[in-house]
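Chemist: Mind having a look at this structure? Questions to follow.
Nothing in this text is a laboratory measurement; each read-out follows from the coordinates by a stated rule. Everything numeric in this text was worked out from a predicted model, so none of it was measured. Note: ideal-geometry Cβ built from the backbone for every residue, glycine included; neighbour counts use all protein chains shown.
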Amino acid sequence: MKALVLTSGGVDSATCLALAVKEYGSEEVLALAVFYGQKHRKELEYFQKIAEYYHVKFQVLDLSVIFADSDCSLLAQNADTEIPKISYADQLAETDGKPVSTYVPFRNGLFLSSAASIALSHGCEVIYYGAHSDDAAGNAYPDCSDDFNNAMNQAIYLGSGKQLKIHAPFVRMTKADVVRTGLNLKVPYELTWSCYEGGEIPCGICGTCRDRAEAFRLNGADDPFFKKD
């Protein structure tokens, strides 16, 4: 096994998975999803769909106990807390520059650290993950920033005895850039799920739905999720 890809079932990680498979081949890629106590398991269902499409080995890691005391609006223990239905820019205007309510405390740091251990156990040399600049903008998700990525990469490289690195191919790119990359790779975006809600179809108005729709619009493309039979 050469590469581990942190895969949530969404657009960014699906595009990462496509890149890793193109680089290493499906037999050398492991897809890893993390259950962190979400209100629904929709993204895990789509994670399996995308992993099976690319014929890669996959597994799910349960880290929900670590977030049991978090007040993040995505988590099941906060079922009565509404997920914001406005853009990230509008959310940040209300938080005075602090991370938005859907920020899971140090999630990417924890995911990458856990993934490093699993990757080393499988002989991997690289961890892919789909952080991009739009998520980091305005401190909405600080663990998606270039600075954070560089720091984690250095820590994992040193902590692994210089055996393992992080590759965040989109960390300086926008969501529209990610979608453009994926369209060129023919990523089956109809097999991805981005919405923070767990309905039959995406809500269309949460922050991540808005970002996804705008990314496809900027590419002059229709989101194939909504063209499924």
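Chemist: Could you work out the local net charge near residue 22, counting Lys and Arg as +1, Asp and Glu as -1, over the other residues with Cβ closer than 15 Å to its Cβ?
Modeler: Counting the neighbours of residue 22, the net charge comes to -1.
Chemist: What order, most packed first, do the peptides 154-161, 169-176, 84-91 have when packing is the mean number of other Cβ atoms within 10 Å of each residue?
Modeler: Going from most to least packed, we get 169-176, 84-91, 154-161.
Chemist: Filter the GluC sites (Glu not before Pro) in the stretch 105-204 down to the DSSP loop ones having no more than 12 other Cβ atoms within 10 Å, then list what survives.
Modeler: Answer by residue number: 200.
Chemist: Could I ask something else about it? How many nm is it between the label spots at residue 155 and residue 117, if each spot is 7 Å from the Cα in line with the beta carbon?
Modeler: If labels sit at residue 155 and residue 117, their model points lie 1.4 nm apart.
Chemist: Based on DSSP H runs of at least 4 residues, each adding -39500 (n - 2.57), what is the mean residue ellipticity at 222 nm of the chain after dividing by all its residues, to the nearest 500 deg cm²/dmol?
Modeler: Roughly -12000 deg cm²/dmol at 222 nm, from the helical runs in the chain.
Chemist: Turning to a different aspect of this structure: Normalised by the empirical 2.2 N^0.38 Å for globular proteins, what value does the Cα Rg of the stretch 19-136 take?
Modeler: 1.20
Chemist: Hey, another quick one. Which of the peptides 17-26, 93-102 is most tightly packed, and how do the rest follow, judged by the mean count of other Cβ atoms within 10 Å per residue?
Modeler: Going by the mean number of other Cβ atoms within 10 Å, highest first, we get 17-26, 93-102.
Chemist: First select every other residue whose beta carbon is under 13 angstrom from the beta carbon of residue 2; then total the charges, Lys and Arg +1, Asp and Glu -1.
Modeler: Residues close to residue 2 contribute a combined charge of -1.
Chemist: Next up: Under 25 Å from the Cα of residue 186, which lysines turn up, not counting those fewer than eight places away in the same chain?
Modeler: Counting by Cα, and skipping residues close in sequence, residue 186 has these lysines nearby: 2, 22, 42, 49, 57, 175, 227, 228.
Chemist: Under 5 Å between amide hydrogens, which residues at least 5 positions from residue 61 or on another chain qualify, with H placed 1.01 Å from N in the peptide plane?
Modeler: HN-HN under 5 Å from residue 61: 33, 34, 35.
Chemist: Please state, as a whole number in µm²/s, the translational diffusion coefficient that the Stokes-Einstein equation yields for the stretch 1-48 at 10 °C and 1.306 mPa s, with Rh defined as the Kirkwood radius across alpha carbon pairs.
Modeler: Here the translational diffusion coefficient equals 144 µm²/s.
Chemist: How much FRET efficiency would the formula 1/(1 + (r/R0)^6) give for residue 162 and residue 95, where r is the Cβ-Cβ distance and R0 is 35 Å, rounded to 0.05?
Modeler: 0.35
Chemist: So what is log10(I(q)/I(0)) for the stretch 105-170 at q = 0.18, 0.20 1/Å, when the Debye sum runs over its Cα atoms only?
Modeler: Summing over Cα pairs of the stretch 105-170 leads to -0.60, -0.73.
Chemist: Can you give the FRET efficiency for residue 85 and residue 22, using 1/(1 + (r/R0)^6), R0 = 41 Å, r = Cβ-Cβ distance, to the nearest 0.05?
Modeler: Result of the calculation: an efficiency of 0.70.
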